[in-house]
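Enquirer: Handing you this structure, nothing more for now.
Values quoted throughout were computed directly from the atomic coordinates according to the rules given, and no laboratory measurement underlies them. Model, not experiment: these values are computed from the prediction. Note that we place each Cβ from the backbone using ideal geometry, even for glycine, and neighbour counts take in every protein chain shown.
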Amino acid sequence: MIYLGIDTSNSPLAIALAKDDTILIEETLNLKINHSLTAMPAIEEMMAKAKIKPAELTHIAVAEGPGSYTGVRIGLTIAKTLAWSLKIPLHMVSSLKVLAGNGQFFDGVICPLMDARRGTAFMGAYEGESLESLIPDQHSEVSEFLNKLKELGRPVLFTGIDIEIHEAVIREILGDRAFFAAPQNRLPRASNLIMLAKQSAEQDIHHAVPEYRRITEAEANYIKAQGGGES
Amino acid sequence: MSEDIYVLGIETSCDETAASVVKNGTEIVSNVVASQIESHKRFGGVVPEIASRHHVEQITIVIEEALKQADMVPAELNAVAVTEGPGLVGALLIGVNAAKAFAFAHQLPIIGVHHIAGHIYANRLAQEMEFPLLALVISGGHTELVYMKEHGHFEVIGETRDDAAGEAYDKVARTLNLPYPGGPHIDRLAHESSHPVKFPRVWLEEGTYDFSFSGLKSSVLNYMHNAAQRGEQVAPEDVAAGFQNSVVEVVTAKTLRAASQYNVRQVIAAGGVAANKGLRASLEKEFAEKEIPFFIPPLSLCTDNAAMIAAAGTVMFEKGIRGNMAMNGRPGMEMGSWI
């Protein structure tokens, strides 16, 4: 079984190849790069290095979001087109869960975070070796989510490249229960993605869509204009 | 005897997710278009983020359907052609990345096609092109006169300096409270008018083949505004007819003059607005008088589709042009010749 993992849900590009339980190769680029331009060449190059032909792939794993709308869509478009073209299973894993994988053995709660501007972020809460979800992935006011974490009364490890942006409010609300992942543990790793994908169900490829965790601005405004409830 | 060439086309530059298989650049084997128009209607226009979301939902379904209708497997294809630009960036890159992944999976050549070149080559699916040729590309996003000496040569001799013609149609339609997309409604209303309002003709400086529609659009808006202030009733059909007459007169005159000056053997129209009955009738009448052959492809080939991308891509394929995995969506892509 040969897995290809792709995570383009935020600015880092993370890709990996695994054969059964062996990670053959993995790359993470934390540069301001354009995924649309670089993801496929990076995949092509990585597969050439590993001497694996497209037809030899048996599974595709992709980070489904949340994250940058465009970023998530690029990874998902590549993943679903590859899986459909090669007639192999597609597996999708929460992009936040992939990040949570960086804190797998932390004794407490793991909180992956992606900044979403204006004091908001995509956040989730996970625990344990199997990364059970404690609080569902969501788009939230950062302070509001931190208060939910506070109620758990446990140490919380924050991970993701954006945690510095919210460091002050995290310390303010959680005090000495807040821990921050070391820089090498803040980036998404496609090896984590692949290992998590192995435990996930196969997706209906044609209907696979990103988990945006937020409706579009146009729809929110439309609902507001119609006098609808929350935006 | 040369072998037949089969190209898969993919188009996602705006609000249609489309895939098609074309044989030898001239024959449609399959042509699938998933339109999102219903999703954008309530917003009165295309919302880019929503367009991108729909493209991801549709892309593999549409490609599969195109292959199924063609009764072909990927190994029978010679290349994949995809719209590289111009268009909405988020929308373009769904097609581009799907095309790259498909080409990579099947180890096929990939070719990036200019959307306007596609619109022009839509004609070749209905009628062989004769050179030198003049193409009037007129749609919601474009208004251009393109001169072609031969296959793959494009010289943009005139283009809009502000709004595309179709954009002006949509804006005027909105002020008349017509549903989106407004073009067909204005076209229909215009035929009901007996006293068209006289709006200005925007010719720009003498000799230019460029267009401008924002001034005309403003005239229509001012007219409506003034009438409202005076408490006068406006007959929508007279406004629609007045606006359409102005667009049609200028577009027809410039196309005619360019056709004569460049001494072309054929004039073709392309793009969604080319389906406008008023414009079509005017162009057909004038070119018939001038005895210059003039063609407009069927409506299904005027609006965005992937067969036109495959048709243009086939000529590029024959000329040895190849893209690679580093291809990106290019929202502001310029039209360049392939020779």
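Enquirer: Could you work out, residue by residue across B:104-113, how many beta carbons of other chains sit within 10 Å of that residue's beta carbon, and then give the average as an integer? Write down the numbers at each step before the final one.
Expert: Numbers: counts 11, 11, 4, 3, 0, 0, 1, 0, 0, 0.
Across B:104-113, the average partner-chain Cβ count within 10 Å equals 3.
Enquirer: Using the Karplus equation 6.51 cos²θ - 1.76 cosθ + 1.60 (θ = phi - 60°), what ³J(HN,Hα) coupling, rounded to whole Hz, does each residue of the range A:24-33 give in order, writing x for Gly and Pro?
Expert: 7, 7, 8, 10, 9, 10, 10, 10, 7, 10
Enquirer: Can you tell me the 0 to 90 degree angle between the C-alpha axis of helix A:69-86 and the longest principal axis of chain A, rounded to 10?
Expert: 30
Enquirer: Another question about this same structure. Dipole magnitude of chain A about its Cα centre, charges +1 at Lys/Arg Cβ and -1 at Asp/Glu Cβ only, in debye to the nearest 20? Mind dumping the intermediate values first?
Expert: Values: 22 positive and 29 negative charges, 84 e Å.
Here chain A has a charge dipole of around 400 debye.
Enquirer: Same structure, new question: From the phi of every residue in the range B:313-330, what ³J(HN,Hα) in whole Hz does the Karplus formula 6.51 cos²θ - 1.76 cosθ + 1.60 yield, where θ is phi - 60° and glycine or proline is x?
Expert: x, 5, 5, 5, 4, 5, 8, x, 7, 9, x, 8, 5, 8, 5, 10, x, 10
Enquirer: Could you tell me the calculated FRET efficiency between residue A:151 and residue B:107, based on Cβ-Cβ distance and R0 = 41 angstrom, to the nearest 0.05? Show your work: numbers first, answer last.
Expert: Working: r = 54 Å, r/R0 = 1.32.
Taking R0 as 41 Å, the efficiency between residue A:151 and residue B:107 is 0.15.
Enquirer: Please list, in chain and number order, the residues 5+ apart from residue A:120 or on another chain whose amide H is under 5 Å from its amide H, with Hs placed from the backbone.
Expert: Under 5 Å from the amide H of residue A:120 lie the amide H atoms of A:142, each far enough along the sequence or on another chain.
Enquirer: Taking the Cα atoms of chain B alone, what are Rg (to one decimal) and Dmax (as a whole number) in Å?
Expert: Just the Cα atoms of chain B yield Rg and Dmax of 20.2, 73 Å.
Enquirer: Moving on to the next point. Enumerate the lysines that residue B:254 could reach by cross-link, defined here as Cα to Cα under 29 Å, with residues fewer than 8 away along the same chain left out.
Expert: Correct list for residue B:254: B:149, B:171, B:198, B:217, B:277, B:285, B:290.
Enquirer: Right, next: I want to verify a result. In a Gaussian network model of chain B, Cα cutoff 10 Å, which of these has the top mean-square fluctuation: B:47, B:247, B:273?
Expert: So, out of B:47, B:247, B:273, the one fluctuating most is B:47.
Enquirer: How much mean residue ellipticity at 222 nm does the protein assembly as shown get from its helices, if each DSSP H run of length 4 or more adds -39500 (n - 2.57) and you divide by all residues, to the nearest 500 deg cm²/dmol? Let's see the in-between values first.
Expert: On the way: 18 runs with 219 residues, N = 570.
So the helix-based figure for the protein assembly as shown works out to -12000 deg cm²/dmol.
Enquirer: Using DSSP, restrict attention to beta bridges with both residues in the range B:131-296 and report what percent are antiparallel, rounded to the nearest 5.
Expert: Working: 10 of 18 bridges.
Restricted to the range B:131-296, the bridges split so that about 55 percent are antiparallel.
Enquirer: Using Cα positions and a limit of under 22 Å, work out the lysines in reach of residue A:224, with same-chain residues fewer than 8 apart set aside.
Expert: B:41
Enquirer: Then there is this: State which stretch of chain B is the longest one without any exposed trypsin sites (Lys or Arg not before Pro), exposure meaning a DSSP loop state and at most 15 other Cβ atoms within 10 Å. If you can, show how the numbers build up before the last one.
Expert: Details: sites that count: B:42, B:149, B:161, B:198, B:201, B:230, B:265, B:319, B:322.
Within chain B, the longest run free of exposed trypsin sites (Lys or Arg not before Pro) spans B:43-148.
Enquirer: Continuing with this model, one more query. Just to be sure I understand the curve: with the Debye formula and one point per C-alpha of the protein assembly as shown, what is log10 I(q)/I(0) at q = 0.06, 0.07 Å⁻¹?
Expert: -0.36, -0.49
Enquirer: Looking at the P(r) of the range A:104-185, how many percent of alpha-carbon pairs lie beyond 17 Å? Walk me through the intermediate numbers first.
Expert: Numbers: 1231 of 3321 pairs.
Result: 37 percent of Cα pairs exceed 17 Å.
Enquirer: Here is a follow-up. Beyond 22 Å, what share of the Cα-Cα pairs of the range B:131-296 is found? Please give it as a whole percent. Please list the in-between numbers first.
Expert: Details: 5526 of 13695 pairs.
Distances greater than 22 Å cover 40 percent of the Cα pairs.
Enquirer: Which angle between 0 and 90 degrees, to the nearest 10, do you get for helix B:165-175 versus the longest principal axis of chain B when only C-alpha atoms count?
Expert: 50
Enquirer: Taking the alpha-carbon distance from residue A:19 and a cut-off under 28 Å, which lysines remain once sequence neighbours fewer than 8 residues away in the same chain are dropped?
Expert: A:49, A:51, A:53, A:80, A:87, A:97, A:198, B:100
Enquirer: Compute a Gaussian network model of chain A, connecting alpha carbons closer than 10 Å, and tell me which residue from A:160, A:65, A:119 fluctuates the most.
Expert: A:119
Enquirer: For all pairs of alpha-carbon atoms in the range B:106-165, what percent lies in each bin of width 10 Å, listed from the first bin to the last filled one?
Expert: 20, 48, 24, 7, 1
Enquirer: Tell me the label-point distance for the pair residue B:39, residue A:141, using the 7 Å Cα-to-Cβ offset, in nm and rounded to one decimal.
Expert: 3.1
Enquirer: Looking at chain A as a GNM with Cα springs under 10 Å, which of A:75, A:103, A:175 has the largest mean-square fluctuation?
Expert: Top of the fluctuation ranking is A:175.
Enquirer: Still on this structure, I have one more. Shape call for the range B:26-183 from the C-alpha gyration tensor, a ≥ b ≥ c root eigenvalues: rounded (a/c under 1.5), prolate (a/b greater than b/c) or oblate? Write out the running numbers ahead of the final one.
Expert: Working: a/c = 2.00, a/b = 1.18, b/c = 1.70.
It is oblate, given that a/c is not under 1.5 and a/b is not larger than b/c.
Enquirer: Go ahead and collect, in residue order, the members of the range A:3-36 whose backbone nitrogen is under 20 Å from a label point 7 Å along the Cα-Cβ direction of residue A:129.
Expert: A:21-23
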